[in-house]
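Here's the structure, in structure tokens; my notes come after.
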Amino acid sequence: MKCDLGDLAVFYETYGTGRPIVMLPGMPSDHRVMERFMEPLFTQRDGWLRLYPDLPGTGRTPGSDRLTTQDQMLDAVLAFIDTVLPGQRFVLAGLSYGGYLARGVVYRRAASIDGVLLCAPQVTAEPAQAHLPRRITLVEDPTLVAQLEPGIADLVVVQSHTVVEAVRAVLAEVQLADHTFLARLEAAGPFSFDVDTLPALGSAGQLPQSDLRCARSGRTFCEYRTGCAVPGPHARVVGSGGGMCHSLTAHGYPGHPCASVAWPCWP
């Protein structure tokens with residue numbers, strides 16, 4: 001399907017019916033990376049309309065000369081949401097760079113959002129400011145690694161055939177991206193606003209304490225565990241997560257904090 005935004009046509013896929021949840025993928029992969037991780041979670045969950053867009057410059061959505069800043073990319077995402085879900089409340093999920101954009105959507109549209117899921121989110125648009133953990137290989141298979149093509153072994157921290165095939169799928173998606181457009185966008189720097197200041201969520205820009213308690217009880221969309229919050233000012237909005245987050249780390253994303261949060265909690 002395509003969403004016509006005038007000078008930009010955003011490709012997207014939808015599944016199911018019910019409460020809308022917009023899935024923002026990482027870049028330079030496309031909607032399929034989010035689809036692979038998320039759709040298995042809905043095999044036994046009815047009542048959800050899942051929307052998976054290709055962000056501009058990825059998959060089947062072209063880049064655009066008018067999108068030169070992170071703010072303008074966010075505007076395109078908001079225009080997509082407003083067009084496909086006019087006047088509707090929705091839930092938001094973001095993976096990697098999609099998590100960065102999701103935080104921008106919350107900043108702009110918190111009053112319309114019923115919940116947020118961040119999976120291994122990018123916490124800054126400037127790579128030089130990222131707090132990168134030391135790379136650790138969790139499961140080693142020297143025989144398998146010796147058979148891999150150049151570049152694959154460096155991405156895999158769980159050395160198994162299943163993970164290798166998943167990484168190959170992502171790399172195939174990466175080949176479709178408009179890397180010139182994405183490089184220009186990355187060079188533009190972060191949002192023009194402090195994305196971690198969320199006055200709509202509380203007086204201190206933090207998650208409401210009641211929601212944090214509920215998250216620890218396991219009643220959020222994703223698993224939430226305490227004790228491994230990412231250091232820095234963003235620690236107030238992300239925490240260590242399991243489930244999908246673990247899968248992402250195993251699939252070769254050591255540069256992103258293994259973090260997830262669901263807000264607010266749902267019964």
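Data table
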read-out: Residues satisfying the stated conditions in the stretch 1-27, i.e. surrounded by fewer than 23 Cβ atoms within 10 Å (Cβ to Cβ) and either acidic (Asp, Glu) or in contact with a helix residue (DSSP H, G or I) (Cβ under 6 Å, 6 or more places away or on another chain) (or both); value: 3, 4, 5, 7, 13
read-out: Sole residue being of a type in the set (Gly, Ala, Ser), touching a Pro at 6+ places or on another chain (Cβ under 9 Å) and modelled with pLDDT of 50 or more, chosen from 183, 177; value: 177
read-out: Candidates 135, 109, 89, filtered to the one that is of a type in the set (D, E, K, R) and in contact with a Pro (Cβ under 7 Å, 6 or more places away or on another chain); value: 135
read-out: Answer from 77, 163, 123 - the residue that is outside any loop (DSSP other than H, G, I, E, B), in contact with a helix residue (DSSP H, G or I) (Cβ under 7 Å, 6 or more places away or on another chain) and touching a residue at least 60 places away in the same chain (Cβ under 8 Å); value: 163
read-out: Positions within the stretch 122-146 being at pLDDT 75 or above and either surrounded by 15 or more Cβ atoms within 10 Å (Cβ to Cβ) or over 25 Å from residue 164 (Cβ atoms) (or both), in sequence order; value: 122, 141, 144, 145
read-out: Any hit, the stretch 56-73, residues being under 21 Å from residue 115 (Cα atoms) and at pLDDT 95 or above; value: no
read-out: In the stretch 32-57, the residues that are under 14 Å from the mean Cα position of the chain (by Cα), over 22 Å from residue 89 (Cβ atoms) and not in a loop (DSSP other than H, G, I, E, B); value: 32, 33, 35, 36, 37
read-out: Extreme residue, modelled with the highest pLDDT, among residues of the stretch 153-163 that are under 18 Å from residue 134 (Cα atoms) and of a type outside the set (S, T, N, Q); value: 158
read-out: Qualifying residue in the stretch 78-93 (condition: within 23 Å of residue 183 (Cα to Cα), in contact with a strand residue (DSSP E or B) (Cβ under 8 Å, 6 or more places away or on another chain) and at pLDDT 95 or above); value: yes
read-out: Residues of the stretch 61-92 satisfying the condition of being crowded, with 19+ Cβ neighbours inside 10 Å and in contact with a Cys (Cβ under 7 Å, 6 or more places away or on another chain); value: 80, 84
read-out: Filter result (closer than 17 Å to residue 28 by Cβ and aromatic (Phe, Trp, Tyr)) within the stretch 68-109; value: 97, 100
read-out: Some residue of the stretch 96-109 being under 12 Å from the mean Cα position of the chain (by Cα), of a type in the set (Phe, Trp, Tyr) and more than 20 Å from residue 185 (Cα to Cα); value: no
read-out: Checking residue 119 against (1) touching a Pro at 6+ places or on another chain (Cβ under 9 Å); (2) surrounded by 15 or more Cβ atoms within 10 Å (Cβ to Cβ); (3) not small (Gly, Ala, Ser), the condition it does not meet; value: (1)
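The values are calculated or read from the model by the stated rules, or taken from the named source; none is laboratory data. Computed from a predicted model, the values in this text were never measured in an experiment. Virtual Cβ from ideal backbone geometry, glycine too; neighbours counted across all protein chains shown.
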